[in-house]
Amino acid sequence: MNKSTVKHQIELTLKHLEPHLALANVHMVDYFTKNAFATHIPHQIRDESSNHGYQDTIRAIYAQQTEHLPALNMYIQKSRELTLKNTTVCMSLAQFRNKLNELGGQEASSLKLDIFMKSKKSHEVEILSGAVAAIRDLSRTSHLIDIGDGKGYLSSMLALHYQIPVLGVDASEINTNGAVDRANKLSKVWNGVVTNIKTRETSINCYKQITKFVDEKVDFPELISNIFLQKSDKIGLVGLHTCGNLTPTCLKIYNECDSIRTICNVGCCYHHLTEEFPKAPSNKIGFPLSAFLKNKECAIGRGARMVAAQSIERILDSKDQPNRSIFYRALFEIIKNQHSQAECLKEKQVGRFRKPIPLFLDYVQKASKRLEMPLEVSETYINALLAEFEHRSDEIDLFYLIRAMLAPVVESLIILDRVLFLLENEHYNSFIVQFFDPVLSPRCYGIVSIKT
């Protein structure tokens, strides 16, 4: 992979995304108050879905049989083409393993562990730990640092199964304490759990933890020296679902620090990224990283970054209709905007309710209470409002699906920018890899870079 290839893919992505960026940034809360369907859905798709019927259009999308709806079909197909796994710039796990072999490495034996974690996390840890161990074997790094260590799922596997010295770093003391407790429990039962391979020393001493906020000023070689009492000029960075700006921070640290020789990072929580344009609220910039997109003053928008966190693969696989609360929340916004204190309520959020609320009247009462907003409308008005808009519930469900098709496109742009940043800084052994099953683990793409 080279800079020109990545830049070309970015241009293709922008060409499709830019005309639909306003659609991607629509907040479902504003669906009715800002007439989102008529304003942001291209008129050809509106006409097709209206003529065909919203319910039938939704069924066609779930069945992935939209050929009879040419405008919608073209939009969906273009979005799929730009999904990273369907591009030439993204490696499958098998292709990545072959690449490591070409570079002189060899595949590490993986281990699936089902205790002390759920199936999703087990899937992620099994695959990523094997990849990290293979990268470490190739690069001969002495220690690994797991940024955003959380409960230590990845680190404890690397330490116990692969016998790699790992420093887990997390900003939360609660997470750090949880990681220590989990690692100790796991080490005690290790030989009883691992029955299909030769038993090993079960000491967890090569896994250390520290509570620390990570920024570009952190001296990781010094941390390794202080905690392991060993100096090292060959360190690897790893991260499994590092949140928001933490992934860009890790990439910047990797770029600046000669002692850090490898990075294997899977990011998440794109809505927590800080964008530089149009005007960043701080100097902690998470997007864009590449000079190429900085020169374009590329901006995505928070709404689009929130959409990027959705999984169209999971939506299509489960065929679940959008939650009824989305419809209720959009309707409630009409009531909220009519309130005498509407201006004062703008910054307040209703948020999610733990349990589904089947009746709109109950939803309005609970939402009003959460906002500390006295109800100024009658039950009769609330029920009449529901009756007036009920026929548009299929319309809002269709809008949700059409908007969700842009999720992998926005994600592609974010990840392409990150790998281009590495290539611009002459880290030529840099790759995008699809590590996980996107239905099981929606944030399935990782960035790997190995210094030569």
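The values are calculated or read from the model by the stated rules, or taken from the named source; none is laboratory data. This one's a predicted model, so the numbers in the text were calculated from it and none came from an experiment. Neighbour counts run over all protein chains shown; Cβ positions are idealised from the backbone, glycine included. With ligands, DNA and RNA removed, areas are computed over all heavy atoms of the protein, side chains included. Shrake-Rupley method; radii C 1.70, N 1.55, O 1.52, S 1.80 Å.
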Nearest 20 debye, what's the magnitude of the dipole of the range 333-452 about its Cα centre given +1 on Lys and Arg Cβ and -1 on Asp and Glu Cβ?
-> 500 debye
Could you calculate the FRET efficiency of residue 103 with residue 424 from 1/(1 + (r/R0)^6), where r is the beta carbon distance between them and R0 is 22 Å, rounded to 0.05?
-> 0.55
In percent, what relative contact order does the range 297-403 have, based on Cα pairs under 8 Å that are 6 or more apart in sequence?
-> 31 percent
Relative contact order in percent for the range 46-143 (Cα pairs under 8 Å, 6+ apart) equals 19 percent
Sort out for me the Cα centre separation of the range 321-384 from the range 266-309, rounded to whole Å.
-> 31 Å
Burial ranking of peptide ranges 23-32, 387-396 (average Cβ count within 10 Å, highest at the top) | 23-32, 387-396
Per the rule of 0.36 nm per residue minus the C-alpha distance, extending residue 354 to residue 391 adds in nm 10.7 nm
The correct ranking of 243, 444, 257 by accessible area at 1.4 Å, largest first, is 243, 257, 444
Accessible area of the range 291-418 divided out per residue, in Å², using a probe of 1.4 angstrom = 50 Å²
Measure nothing but the geometry: give the 0 to 90° angle between the long axis through the Cα atoms of 407-424 and the longest principal axis through the Cα atoms of the chain, rounded to 10°.
-> 40 degrees
How far is helix 379-389 tilted, in degrees, relative to the longest principal axis of the Cα atoms in the chain, given as a value from 0 to 90 rounded to the nearest 10?
-> 80 degrees
Name the shape class, rounded, prolate or oblate, that the alpha-carbon gyration tensor gives for the range 74-163, where a ≥ b ≥ c are the square roots of its eigenvalues, rounded holds for a/c under 1.5, and otherwise prolate holds if a/b is larger than b/c and oblate otherwise.
-> oblate
Could you tell me which of 378, 230, 309 has its Cα farthest along the dipole of the chain towards the positive end, charges placed at Cβ (Lys, Arg +1; Asp, Glu -1), taken about the Cα centre?
-> 230
Reduced to Cα centres, the span from the range 156-191 to the range 389-436 in Å works out to 32 Å
Tell me which lysines have Cα within less than 17 Å of residue 355's Cα, excluding those fewer than 8 residues away on the same chain?
-> 366, 369
Return a whole-number percent for the relative contact order of the chain, with Cα pairs under 8 Å and 6 or more residues apart as the contact set.
-> 22 percent
Ranked by how many other beta carbons lie within 10 Å on average, peptides 132-140, 278-286, 170-178 from highest | 132-140, 170-178, 278-286
Candidate aspartates and glutamates for bridging to residue 34, where Cα separation is under 15 Å - those fewer than 8 sequence places away on the same chain excluded | 333, 395
Leaving out ligands, DNA and RNA, what percent of the accessible area of the chain is carbon and sulfur, probe 1.4 Å?
-> 48 percent
Would you mind checking the tilt of helix 93-102 against the longest principal axis of the Cα atoms of the chain, expressed as 0 to 90 degrees and rounded to 10?
-> 30 degrees
